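A short worksheet on the structure shown next.
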Amino acid sequence: MSVKHIDEVPFEPVPDGVGVSKQVLIPASEAPGFAMRCFTIQPGGSMPLHTNLVEHEQFVLEGSAKVLIGAESYIVGPGNVVFIPAGAAHTYLNTGSGPFRFLCLVPNKEDKTVIIPN
């Protein structure tokens, strides 16, 4: 069991993203089932189209972004809940004037990010 404040957790750059960082709020070493991360995408920032081996459950905290999941495109903002199935191609583009931040929960299973070339 642990309690911490998000401001105590360091940011890590996300190498494949443009203007993207993450904070690992609850790592696999602290919880057996799921990891909790907080991603921040700066204005104009993006993640390339990619897939993962594990599902993603997300909750938008602030900002707005265009999220593409498979063939479907969505504009999301605070309060939106996003589910990305394992293996689904997805991408993010910050469409707002401020940071786009969201919580992302993933199962503690082997994962691999595969970038899909344009």
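GNM on the chain, alpha-carbon springs under 10 angstrom: the most fluctuating residue among SER21, SER46, SER97 is SER97.
So how far, in whole Å, is the C-alpha centre of segment 22-60 from the one of segment 64-118? When both Cα centres are located, 9 Å separates them. Compared with the direct C-alpha span, the chain from THR51 to VAL9 gains 12.5 nm at full extension, assuming 0.36 nm per residue.
Other residues whose C-beta falls under 10 angstrom from the C-beta of ARG37 contribute a net charge of 0, scoring Lys and Arg +1 and Asp and Glu -1.
Taking a ≥ b ≥ c as the square roots of the eigenvalues of the Cα gyration tensor, an a/c ratio of 1.5 or more together with a/b no larger than b/c marks the chain as oblate. Near ALA86: Cβ cut-off under 15 Å, other residues only, Lys/Arg at +1 and Asp/Glu at -1. The net charge is -2.
For LYS112, give me every one of the lysines with a C-alpha distance below 18 angstrom, ignoring sequence neighbours fewer than eight places off in its own chain. Output for LYS112: LYS22.
Sparsely packed loop sites in segment 1-59 (the chymotrypsin sites (Phe, Trp or Tyr not before Pro) outside DSSP H, G, I, E and B with at most 13 other Cβ atoms within 10 Å) comprise PHE11.
Simple point charges give the picture: +1 on the Cβ of Lys and Arg, -1 on the Cβ of Asp and Glu, and for the chain a dipole about the Cα centre of about 140 debye. Taking Lys and Arg as +1 and Asp and Glu as -1, the other residues whose beta-carbon sits under 15 Å from that of GLN23 total -1.
Could you tell me the calculated FRET efficiency between ILE116 and ALA31, based on Cβ-Cβ distance and R0 = 30 angstrom, to the nearest 0.05? After rounding to 0.05, the efficiency reads 0.50. With R₀ set to 25 Å, the beta-carbon distance separating ASN108 from VAL18 gives a calculated FRET efficiency near 0.35. With a simple spin-label model that places each label point 7 Å from the Cα along the Cα-to-Cβ direction, the separation between PHE59 and ALA89 comes to 3.1 nm.
Throughout, read-outs are computed from the coordinates displayed, never taken from laboratory work. Because the structure is predicted, anything quoted here is derived from the model rather than measured. Using ideal geometry, Cβ is built from the backbone for each residue, glycine included, and neighbour counts are taken over all protein chains shown.
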